[in-house]
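Novice: One structure, pasted below without further comment.
Since every read-out is calculated from the coordinates, none of them should be taken as a lab result. Since the model is a prediction, treat every value here as computed from it, not as a measurement.
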Amino acid sequence: MKSLLILAIVVLAVWLWRSGRRDVSGSNRSAPPSAPPDPQEMVRCAHCGVHLPRSDAVAGRLGLYCSAEHRQSAEA
Ligand SMILES: [Zn+2]
């Protein structure tokens, strides 16, 4: 009967260890999917050359700019 108790403890310990490892690997696996959306396409201002996210860029006739001022300066 004592060996049955020890077996139960061992099984419980292994189960806890495995579930704990699954949690760790699960959190590690959930990190990369959140990373890919982050890297935004970087574009270069056609006037001053600064790099900025494409979503922040101002589109002009000759290219993309970091601001409306640089678009005006470059295309005026
Ligand atoms: Zn600029």
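Novice: Near the amide H of VAL43, under 5 Å away, which other amide H atoms are found, from residues 5 or more places off or on another chain, if H is placed in the peptide plane?
Specialist: LEU52, ARG54
Novice: For GLN72 and ILE6 in one chain, what is 0.36 nm times their gap in residues minus the Cα-Cα distance, to one decimal in nm?
Specialist: 15.9 nm
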